[in-house]
1. Condition first: under 20 Å from Thr22 (Cα atoms) and among the small types (Gly, Ala, Ser). Can you find one or more residues in the range 72-93 that meet it?
2. Anything in the range 50-75 that is without any contact (Cβ under 8 Å) to a residue 24 or more places away in the chain and touching a helix residue (DSSP H, G or I) at 6+ places or on another chain (Cβ under 7 Å)? List them, or say none.
3. Among the residues of the range 77-123, write down those that are charged (D, E, K, R), within 17 Å of Arg26 (Cα to Cα) and at pLDDT 90 or above.
4. Being over 15 Å from the mean Cα position of the chain (by Cα) and at pLDDT 80 or above is the filter here; which residues of the range 4-22 pass it?
5. State all residues of the range 104-134 that are farther than 19 Å from Ser12 by Cβ, assigned to a helix (DSSP H, G or I) and either in contact with a Leu (Cβ under 8 Å, 6 or more places away or on another chain) or of a type in the set (S, T, N, Q) (or both); if no residue qualifies, say none.
6. Give the range 1-55 a look and list any residue that's surrounded by 10 or more Cβ atoms within 10 Å (Cβ to Cβ) and among the basic types (Lys, Arg), or say none.
7. State which residue pairs qualify: first residue surrounded by fewer than 17 Cβ atoms within 10 Å (Cβ to Cβ) and inside the range 102-116, second residue part of a helix (DSSP H, G or I) in any location, beta carbons under 7 Å apart, and separation of 6 or more residues or different chains.
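The values are calculated or read from the model by the stated rules, or taken from the named source; none is laboratory data. Here the structure is a predicted model, which means the values were calculated and not measured. Every residue, glycine as well, gets a Cβ built from its backbone with ideal geometry; the counts of neighbours run over all protein chains shown.
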Amino acid sequence: MRTVIPNRVYISLGSHAPLLSTKGARASLEAILSDGLKLSRVWPNIRFMTTLAVNPANIPTKFGPQALMRNNDVIKARNQILHELVPTKVIDIWSLSFAGGPIMFRANDAVHFVDEVYFAIGKVIFTELLRLTY
């Protein structure tokens, strides 16, 4: 069997761990970034994307009270940990999702954005992929 090494692997951690403190986030990231991963042949091709902003006011009640831990201040702190641990491998898409505030979210939605945000994120990733050709 032949081993195929991808040109890029993108990892996005998401916001669906509302009870994960910044200390827990650091421990999780450190586990992901274990020496095994760093020593693998794929490591040079891995990129991490920051977690996107949320609109806590629109988190459905069926998920319970999450606004305290699943909010943009906590996500920003988690993203900072990512920047500290792998500064040369982070693609910042947080800024694209946070800059416009609540108007950037689909109506009554906590985590899905208007098409323009996804288009901008796509352009950022495409630009990063173009760097592979140079």
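1. Checked the range 72-93: at least one residue is under 20 Å from Thr22 (Cα atoms) and among the small types (Gly, Ala, Ser).
2. Listed by number, the residues that qualify are Ala67, Asn71.
3. Of the residues in the range 77-123, the ones charged (D, E, K, R) are 78, 84, 89, 92, 106, 109, 115-116, 123.
Next, only the ones that are within 17 Å of Arg26 (Cα to Cα) stay: 78, 84, 89.
Listed by number, the list holds a single entry, Glu84.
4. Step one: of the range 4-22, the residues over 15 Å from the mean Cα position of the chain (by Cα) are 4-8, 19, 21.
If the condition is that a residue be over 15 Å from the mean Cα position of the chain (by Cα) and at pLDDT 80 or above, then Val4, Ile5, Pro6, Asn7, Arg8 are the ones that fit.
5. If the condition is that a residue be farther than 19 Å from Ser12 by Cβ, assigned to a helix (DSSP H, G or I) and either in contact with a Leu (Cβ under 8 Å, 6 or more places away or on another chain) or of a type in the set (S, T, N, Q) (or both), then Thr133 is the only one that fits.
6. Those that are surrounded by 10 or more Cβ atoms within 10 Å (Cβ to Cβ) and among the basic types (Lys, Arg): Arg8, Arg26, Lys38, Arg47.
7. Filtered contacts from the range 102-116: Asn108/Asn58; Asp109/Asn58; Val114/Met104.
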